[in-house]
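Data block below; observations after.
The values are calculated or read from the model by the stated rules, or taken from the named source; none is laboratory data. All values reported here derive from a predicted model rather than from experimental measurement. Cβ coordinates were reconstructed from backbone atoms using ideal geometry, including for glycine residues, and neighbour counts include every protein chain displayed. Accessible surface is based on the protein model in full, side chains and every heavy atom, while ligands, DNA and RNA are left aside. Shrake-Rupley method; radii C 1.70, N 1.55, O 1.52, S 1.80 Å.
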Amino acid sequence: MSASSFIRALKNEGLTVVEVGDWRTHNRNHVGPWGPVHGVMMHHTVTKGTADSVRICRDGYAGLPGPLCHGVIAKDGRVHLVGYGRANHAGSGDDDVLRAVIAEKALPPDNEANTDGNRHFYGFECVNLGDGKDPWPAVQVEAMEAAAAAVCRVHGWNAPSVIGHIEWQPGKSDPRGVSMGGLRRRVKERLT
């Protein structure tokens with residue numbers, strides 16, 4: 001899927017999209033391949049405020065250069081596109097989980113980090129502190145559903161291709177406060 005197809009898919013799913021700078025060519029492709037891509041991964045930002053969250057996800061920080069995802073889903077449901085291509089969002093995760101995503105089967109426990117997830121997943125960072133107290137507005141969760149469904153629709157994937165960082169890499173908790181099983185059910189309903 002091209003960057004143009006990506007933004008078109010998001011808009012076709014009813015999302016309000018904000019283009020940030022040179023997002024279409026802002027990536028980490030020079031440090032490794034992007035693809036084949038097999039799924040969509042959801043995260044929480046551990047930040048608050050849309051502007052600061054978008055800036056961090058676009059530019060990164062000391063030790064982890066941006067982009068840190070493809071799109072930032074704000075609490076108001078808008079999707080801010082910050083990169084396209086390889087992004088520093090997934091890190092190393094479990095090869096058994098990747099095989100399950102590809103086969104669209106139930107996910108096994110993530111008990112190792114031996115596979116490059118930045119190569120294989122689209123990433124959406126969702127503005128939330130991830131402390132279990134910061135609320136997830138309904139419009140934001142609906143945008144998560146729509147963004148995941150948009151990517152799945154273009155690739156011909158089903159809801160099992162949508163995972164949380166918590167399901168990929170041992171020790172991760174994101175997106176804390178959102179049930180990935182519930183999100184996959186919503187994506188499934190949207191795709192049917």
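If you roll a 1.4 Å probe over the chain with all protein chains in place, what percent of the accessible area is carbon or sulfur? Carbon and sulfur together cover 50 percent of it. Heavy-atom accessible surface of the chain, averaged per residue, reaches 43 Å², computed with a 1.4 Å probe.
Helical content alone sets the calculated 222 nm signal of the chain at -10000 deg cm²/dmol, taking -39,500 (n - 2.57) per DSSP H segment of four or more residues and averaging over every residue. Computed over region 89-191, relative contact order equals 33 percent, with contacts defined as Cα pairs under 8 Å that lie 6+ residues apart.
Counting only other residues whose beta carbon sits under 14 Å from that of residue 20, what net charge do I get with K and R as +1, D and E as -1? Net charge around residue 20: -1. The distance separating the Cα centre of region 9-27 from that of region 102-175 comes to 18 Å. The label point for residue 95 and the one for residue 153, both projected 7 Å from the Cα toward the Cβ, are 3.6 nm apart. Of all beta bridges that DSSP places with both ends in the chain, some 30 percent have antiparallel geometry.
For a quick check of your reading of the filter: which trypsin sites (Lys or Arg not before Pro) in region 104-159 sit in a DSSP loop and have no more than 13 other Cβ atoms within 10 Å? Filter output for region 104-159: 105, 133.
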